[in-house]
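Following: one structure in structure tokens, then a few remarks.
The values are calculated or read from the model by the stated rules, or taken from the named source; none is laboratory data. Only a predicted model underlies this, so the values are computations on that prediction, with no experimental measurement involved. Glycine gets a Cβ as well: all are built from the backbone with ideal geometry, and neighbour counts include every protein chain shown. Surface accessibility is based on the protein's heavy atoms, side chains included, excluding ligands, DNA and RNA. Shrake-Rupley method; radii C 1.70, N 1.55, O 1.52, S 1.80 Å.
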Amino acid sequence: MRLGSVLLLLSLVASPASAERRIALVVGNAGYQNITPLANAQNDATLIAETLRSVGFALVGGTAQVNLDKPAFDKAVQTFGSQLIGADVALFYYAGHGVQTRGSNYLVPVSANPVREADVDFQMVDVALILRQMEGSGTKLNLVILDACRNNPFGGRGLRSSESGLAQIRAPEGTLLSYATQPGNVALDGAGNHSPYSQALSETMRKPGLDVFQTFNQVGLSVKRATGGAQQPWVSSSPIDGAFYFAGQGGQEVATVQPQPSRPQPSPPPQTSASRVPDNPPGLAQRALAFVANDMVRSEGSSAQYLDYARQSIDEQVDYYGKLTPRAQVLKDKERYVARWPVRFYRLRTETIRTSCDEGKSTCRVDGIVDFNLSNPTDGRKSSGASSFEFGIRFGPDGGRIFHESGKIIPAQSRR
């Protein structure tokens, strides 16, 4: 079995000390069809998606999911739940209209048009559904961020009993919920390009040295100051085991849920990179690591999205498992692979990574070992194990392209 260029380096986006997998679903609904559109929800979601990517999260769909109708919203949540299997940290962010009815919170797809209260079950997305996807995944930490506490847009059209803002949710074990404002209150959409909450959240997530509780506390203080006290974010949390840092602890570039003491601790940047070849040109090595990290984000998305990306990232001729192969033939092989395995997860063994770069040729090679977990929900097939991999990347004016790819399955008795 060949593991294509999907066998890449997600953990390089996170701390080199851990192979932690961070998965996020970011949704921004602004272009409502039957109620007042929102000025900033799409911008807010795009901002947060970019921020999360920069601190090590793989995004469902590869980017913010915007202007989702009910079927698309349901599909995104289902995909989120599937991709959380084997992940360490799950994060859901939503910007858009939200309503509460009978003590439950509903997120509003752009197609929603209820004429009676009972319609919410069929036209909207219950936040409890998203929490259940997280609870059943085995993740260590779940984060739910709701920038959705706006006025009930259906107040005169069938949801008169709905109250303003969102209701407080009891946080399940290992879960932190952050509201853009206090439960029952209404958040501001913002006068600029972003809501006060999303702006503060983006800025604070990028600050190193803040654990998850300090992060949301600072977000709350920033929003309170920016709105003159009119809006005060709110956090609900159950006990959380360990510490989590969005963007660095004690000088690390990106820190994570604290690793077990038995794991080796790397030297922090900028003294070294994840490379085991200290003489590599830092600029080129960093470009290579950024390239493969982005490739990993794309590879765990939908098959169609990954294949579209692969068409742009593969060189015209590839040394493909020992044979010079045209791009079209490589793509056919990858099409067969993703058709066989629609759901794909990978965990890099960080300590095995080696890189070497040739500045004169603008090329880098990256190799190591990765654990994989593959499944096909249609027929129930599953496959898991470990594989070696090696990639060659050539950089040009239009970015990087893969010119070499190889690897092989490691027999179970040889894995350590």
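Among residues of segment 316-351 being open to solvent by less than 30 Å² (accessible area, probe 1.4 Å) and of a type in the set (Ser, Thr, Tyr), the one that is modelled with the lowest pLDDT is Thr350.
Scanning segment 55-75 for residues that are part of a loop (DSSP other than H, G, I, E, B) and open to solvent by less than 20 Å² (accessible area, probe 1.4 Å) yields Val55, Gly56, Ala64, Leu68. Cβ separations smaller than 8 Å between residues 6+ apart or across chains give the following pairs from segment 172-187 residues that are closer than 18 Å to Phe213 by Cβ to residues that are of a type in the set (Phe, Trp, Tyr) and at pLDDT below 85: Ser178/Trp234; Tyr179/Trp234; Gln182/Trp234. The residue of segment 307-351 that is nearest to Ala386 (Cα to Cα), among those that are acidic (Asp, Glu) and assigned to a strand (DSSP E or B), is Asp319. In this structure, Ser356 does not qualify as touching a strand residue (DSSP E or B) at 6+ places or on another chain (Cβ under 7 Å) and free of Cβ contacts under 8 Å to residues at least 40 places away in the same chain. Residues in segment 363-371: is at least one open to solvent by 50 Å² or more (accessible area, probe 1.4 Å), touching a His at 6+ places or on another chain (Cβ under 8 Å) and modelled with pLDDT of 85 or more? Yes, segment 363-371 contains at least one residue that is open to solvent by 50 Å² or more (accessible area, probe 1.4 Å), touching a His at 6+ places or on another chain (Cβ under 8 Å) and modelled with pLDDT of 85 or more.
Filtering Leu143, Leu52, Leu91 for residues that are of a type outside the set (Ser, Thr, Tyr), in a helix (DSSP H, G or I) and surrounded by 21 or more Cβ atoms within 10 Å (Cβ to Cβ) leaves a single hit, Leu52. Hey, can you tell me all the residues within segment 214-244 that are at pLDDT 90 or above and either basic (Lys, Arg) or open to solvent by 30 Å² or more (accessible area, probe 1.4 Å) (or both)? Answer for segment 214-244, where residues must be at pLDDT 90 or above and either basic (Lys, Arg) or open to solvent by 30 Å² or more (accessible area, probe 1.4 Å) (or both): Gln214, Asn217, Gln218, Leu221, Ser222. Taken over segment 383-416, the criterion of being surrounded by fewer than 11 Cβ atoms within 10 Å (Cβ to Cβ) and of a type outside the set (S, T, N, Q) is satisfied by Gly396, Pro397, Asp398, Pro411, Ala412, Arg416. Residues being in contact (Cβ under 8 Å) with a residue 24 or more places away in the chain, under 16 Å from His97 (Cα atoms) and outside any helix (DSSP H, G or I): count how many of those fall in segment 117-136. Number satisfying all stated conditions: 2. Check Thr36 against each of (1) within 22 Å of the chain's Cα centre (by Cα); (2) open to solvent by 40 Å² or more (accessible area, probe 1.4 Å) and name the one condition it does not meet. If we test Thr36 against (1) within 22 Å of the chain's Cα centre (by Cα); (2) open to solvent by 40 Å² or more (accessible area, probe 1.4 Å), just (1) comes out false.
For segment 372-399, filtering for residues that are under 17 Å from Val330 (Cβ atoms) and modelled with pLDDT under 90 leaves 1. Among the residues of segment 18-53, those identified as at pLDDT below 90 and either among the polar types (S, T, N, Q) or touching a Ser or Thr at 6+ places or on another chain (Cβ under 7 Å) (or both) are Ser18, Ala19, Glu20, Asn34, Thr36, Asn40.
Quick one: is Ile35 touching a residue at least 60 places away in the same chain (Cβ under 8 Å) and under 30 Å from Tyr346 (Cα atoms)?
Working: touching a residue at least 60 places away in the same chain (Cβ under 8 Å): yes; under 30 Å from Tyr346 (Cα atoms): no.
No: the conditions fail for Ile35.
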